[in-house]
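*Asks:* One structure follows; several queries about it will come next.
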Number of protein chains: 2
Amino acid sequence: MTTITPWEVKGNVDYDKLIKEFGVSRIDDALIKRLERHSKNLHCLVRRKIFFAHRDLDFILDQYEKGNEFFLYTGRAPSGNTHIGHLIPWMLTKWLQDVFDVELWFQFPDEEKFLFRDDLTLEETEKYTYENMLDVIALGFKPGKTFFLIDTKHAGIMYKEALKVSKKITFSTVKSSFGFTNEQNIGAIFYTAMQAVPSFLPSVLHKKKMPCLIPHAIDQDPHFRVTRDVISKIGYYKPASIQCRFLPGLGGMDSDGKMSSSSGDNATIFTTDDAKTVKSKINKYAFSGGQATLEEHRKLGGNPDIDVSYIWLTFLEEDDRKLEEIYEAYRKGRMLSGELKALLIEKLNSFLAKHQQSREKARKNIDKFIFKV
Amino acid sequence: MTTITPWEVKGNVDYDKLIKEFGVSRIDDALIKRLERHSKNLHCLVRRKIFFAHRDLDFILDQYEKGNEFFLYTGRAPSGNTHIGHLIPWMLTKWLQDVFDVELWFQFPDEEKFLFRDDLTLEETEKYTYENMLDVIALGFKPGKTFFLIDTKHAGIMYKEALKVSKKITFSTVKSSFGFTNEQNIGAIFYTAMQAVPSFLPSVLHKKKMPCLIPHAIDQDPHFRVTRDVISKIGYYKPASIQCRFLPGLGGMDSDGKMSSSSGDNATIFTTDDAKTVKSKINKYAFSGGQATLEEHRKLGGNPDIDVSYIWLTFLEEDDRKLEEIYEAYRKGRMLSGELKALLIEKLNSFLAKHQQSREKARKNIDKFIFKV
């Protein structure tokens, strides 16, 4: 059985089915062409349709082309260290900020996981908020155009706006949207109102109605579906969104649809893992689409479509031709599983070496990014 | 039928039944004697058992006698101008602050009525917050020991604490405590967590566990029952409380148990009413326990127990002997209904003349009372 809620992604994910169920639109070639008109180089996550679905992206482009500036909104609910899967929507967000030169409002809802998990304290989520902020800054977002909102710290401006949202959402709605029971705690019930706030807070602060585009992993769609219904009722544009597939966990596609740091440190690569750890994790845990023996592999070839190392490269290797060559070589049995893993290890470690350096530098820049009321 | 929730008080209130239903304790003579040991003059609201019930008042006195300082917490949900009924718990609170020389934390939950009433905007509750603050200051609370908390303004410190409370309260609990349905909005569902915060926030801010005493009208008890259950689970003392009867509306005891400003401006005396308005309202609307004709009244006497003017005097006339004389004179028919009304009018107008003066002066002192983070 497949379960997709903002708190749980389990089972094999059928993205075509999700598009129908969630009522989102597919990002088609015409829309990609339209994006291309604004950017010299399309991001590989767009070219490869890893960002596969959207709501109202065409509206955002209409507005932009008319000169009505939009802003970006994405976020991270701190509950642990950042892993590679978390970075995917942020990478696209960074690309969008560069292409359109727009503001990014980045929410750290440090209460969310506290409310939804018994074991987590607010002191722990505060610690993770700090760690997660370093990773966001390390990706190179523009200071002065990037504003961090931390729910418990910015409640002074956010709670009042959340109230306006909350008045329009009943328990029936959150019950059906998130599968709550009567035993859900009242903080968790209220929470979706806080997640809605950054989609219109810039309009409040700038005193003009601005369109909002939210890049996010598809599991957050239930929140934004509720948000879209409500926001227009309180006088703002429905936020648009573009949605990506999940980076699978190292264990492969059929155990977990999404790489979750809560399913064990070995299913995932953290942004703070050192080169040796990365190598060892990929070699040990990355599910292989190769054959059981060398002989068979040479003869029958591997299956890149279920091979986690290959799939990860489709998220991380920007060079299309290189990726195609890998695909062919692996499929034909010219490339062995160990060689494919070595390519991923190299890709990850060269990325992480730079990322970890930027991450250290970010420590002294945090104040530049936290929104000042 | 009698309904008592924090949002609705309807029908004749049977206080003996309430004590049983709510599970509060009666304030008995022994407890009153104990209060008297700390004060030269018992407040008439205590002497007359208008404050008739409590939870853990003995615990507060134990703690105080051991040198463990407590603090007071009360509040006002802004939804209109202040009327005489609102002042009753505040008057006792002021007396308690003077007797025990303790801090008062006064909450203005400016979101509450916004969330529970369709017609009210946050702009309106903000306006009323200002007006209501003037009345609180006018009563003479100590600056430097009296701290106003305005939910939307102080959410920066309150939301985080409310989260800790909210995690321990389920929808089932608020459903049964407040009679919510699934169509209740999620802001209203969360709200009780915000109302709980001032009962332990001073302990957080002062970094020591302090006992809390809440003087309030009995209709707020459902909130504090929930609060008491939760607060001890997160490491603080259960707040104690003392609870008062309602000042009846001018229309009398059997129409409305409580004087509500929402049941029409004529059922109530506002703190801003001028002397002429007070005179006219009392003469026109104050339900009389007198006889139909002068002759009958002289012969049979009036019934002070159902006479609103007399009942109001039991809240406002501090002199016990004077009150007794009035009772006797009215009961025996020596005092006429118009004469009784004239006494109340005089009492109200002399109180309001002073109050309105203090209220004007309060405009420039508001900043001294709003808690500075």
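*Asks:* Report, by residue number, each residue of segment B:264-276 that is surrounded by 15 or more Cβ atoms within 10 Å (Cβ to Cβ) and free of Cβ contacts under 8 Å to residues at least 40 places away in the same chain.
*Replies:* The initial filter retains those residues of segment B:264-276 that are surrounded by 15 or more Cβ atoms within 10 Å (Cβ to Cβ), namely B:265, B:267-273, B:275.
Answer for segment B:264-276, where residues must be surrounded by 15 or more Cβ atoms within 10 Å (Cβ to Cβ) and free of Cβ contacts under 8 Å to residues at least 40 places away in the same chain: B:Asp265, B:Ala267.
*Asks:* Within segment B:119-139, which residues are within 14 Å of chain A (Cβ to nearest Cβ) and at pLDDT 95 or above?
*Replies:* Initial filter on segment B:119-139 (within 14 Å of chain A (Cβ to nearest Cβ)): B:119-126, B:129.
Correct list: B:Leu120, B:Thr121, B:Leu122, B:Glu123, B:Glu124, B:Thr125, B:Glu126, B:Thr129.
*Asks:* So which helices (runs of 4 or more DSSP H) stay within segment B:300-373 end to end and still have 3 or more residues that are out of contact with any strand residue (DSSP E or B) (no Cβ under 9 Å at 6 or more places or on another chain) and outside the structural domain of B:Ile150 (by TED's automatic domain parsing)?
*Replies:* Numbers: elements: B:308-316, B:320-331, B:337-362, B:366-369.
The helices (runs of 4 or more DSSP H) meeting that bar are B:308-316, B:320-331, B:337-362.
*Asks:* Counting only residues that are free of Cβ contacts under 8 Å to residues at least 12 places away in the same chain and more than 7 Å from chain A (Cβ to nearest Cβ), which one in segment B:174-189 is farthest from B:Asp118 (Cα to Cα)? Write out each step before concluding.
*Replies:* Residues of segment B:174-189 that are free of Cβ contacts under 8 Å to residues at least 12 places away in the same chain, as a first pass: B:175-176, B:180-184, B:186.
This time we only want the ones that are more than 7 Å from chain A (Cβ to nearest Cβ), so: B:176, B:180-181.
Numbers: B:Ser176: 22, B:Phe180: 16, B:Thr181: 16 Å.
Among those that are free of Cβ contacts under 8 Å to residues at least 12 places away in the same chain and more than 7 Å from chain A (Cβ to nearest Cβ), it is B:Ser176.
*Asks:* Also, I was wondering about something else. Can you tell me which residue among B:Phe114, B:Phe106, B:Phe141 is hydrophobic (A, V, I, L, M, F, W, C), crowded, with 24+ Cβ neighbours inside 10 Å and not in a helix (DSSP H, G or I)? Talk me through it step by step, then tell me what you get.
*Replies:* Values: B:Phe114 fails: not in a helix (DSSP H, G or I); B:Phe141 fails: crowded, with 24+ Cβ neighbours inside 10 Å.
Answer to the check: B:Phe106.
*Asks:* Filter segment B:305-333 down to residues that are farther than 23 Å from B:Pro89 by Cα and either touching a residue at least 24 places away in the same chain (Cβ under 8 Å) or among the small types (Gly, Ala, Ser) (or both), then give me how many there are.
*Replies:* Of the residues in that region, 5 qualify.
*Asks:* Something else about it: Being over 18 Å from the mean Cα position of the chain (by Cα) and either assigned to a helix (DSSP H, G or I) or closer than 18 Å to B:Phe371 by Cα (or both): is that true of B:Ile189 here?
*Replies:* Answer is yes for this residue.
*Asks:* If I go through segment A:293-336 residue by residue, how many of them are within 22 Å of A:Gly85 (Cα to Cα), of a type in the set (Ser, Thr, Tyr) and out of contact with any Cys (no Cβ under 9 Å at 6 or more places or on another chain)?
*Replies:* Counting residues in segment A:293-336 that are within 22 Å of A:Gly85 (Cα to Cα), of a type in the set (Ser, Thr, Tyr) and out of contact with any Cys (no Cβ under 9 Å at 6 or more places or on another chain) gives 3.
*Asks:* Something else about it: Can you tell which of B:Lys142, B:Lys208, B:Lys160, B:Lys233 is over 24 Å from A:Lys168 (Cβ atoms) and facing chain A (nearest Cβ under 8 Å)? Outline the logic, then answer.
*Replies:* Working: B:Lys142 fails: facing chain A (nearest Cβ under 8 Å); B:Lys208 fails: facing chain A (nearest Cβ under 8 Å); B:Lys233 fails: facing chain A (nearest Cβ under 8 Å).
B:Lys160 is the lone residue from the list that is over 24 Å from A:Lys168 (Cβ atoms) and facing chain A (nearest Cβ under 8 Å).
*Asks:* Quick check, is A:Ser232 at pLDDT 90 or above, assigned to a strand (DSSP E or B) and not acidic (Asp, Glu)? Let's see the steps before the verdict.
*Replies:* Working: at pLDDT 90 or above: yes; assigned to a strand (DSSP E or B): no; not acidic (Asp, Glu): yes.
Criteria not met by A:Ser232.
*Asks:* Which of the following residues is under 30 Å from B:Gly156 (Cα atoms) and either surrounded by fewer than 19 Cβ atoms within 10 Å (Cβ to Cβ) or among the aliphatic types (A, V, I, L, M) (or both): B:Lys332, B:Lys299, B:Lys364, B:Lys354? Walk me through how you get there before you give the answer.
*Replies:* On the way: B:Lys332 fails: under 30 Å from B:Gly156 (Cα atoms); B:Lys299 fails: under 30 Å from B:Gly156 (Cα atoms); B:Lys354 fails: under 30 Å from B:Gly156 (Cα atoms).
Of the residues listed, the single one that is under 30 Å from B:Gly156 (Cα atoms) and either surrounded by fewer than 19 Cβ atoms within 10 Å (Cβ to Cβ) or among the aliphatic types (A, V, I, L, M) (or both) is B:Lys364.
*Asks:* Has segment B:48-59 got any residue that is modelled with pLDDT of 95 or more and acidic (Asp, Glu)?
*Replies:* Yes, segment B:48-59 contains at least one residue that is modelled with pLDDT of 95 or more and acidic (Asp, Glu).
*Asks:* Among the listed residues A:Thr152, A:Thr170, A:Thr192, which satisfies the condition of being within 11 Å of another protein chain (Cβ to nearest Cβ), of a type in the set (Ser, Thr, Tyr) and touching a residue at least 40 places away in the same chain (Cβ under 8 Å)? Explain how you work it out, then say what you get.
*Replies:* On the way: A:Thr170 fails: touching a residue at least 40 places away in the same chain (Cβ under 8 Å); A:Thr192 fails: touching a residue at least 40 places away in the same chain (Cβ under 8 Å).
Of the residues listed, the single one that is within 11 Å of another protein chain (Cβ to nearest Cβ), of a type in the set (Ser, Thr, Tyr) and touching a residue at least 40 places away in the same chain (Cβ under 8 Å) is A:Thr152.
The values are calculated or read from the model by the stated rules, or taken from the named source; none is laboratory data. Nothing here was measured: the structure is a model prediction, and the numbers come from that model. Backbone-built Cβ (ideal geometry, glycine too); neighbour counts: all protein chains shown.
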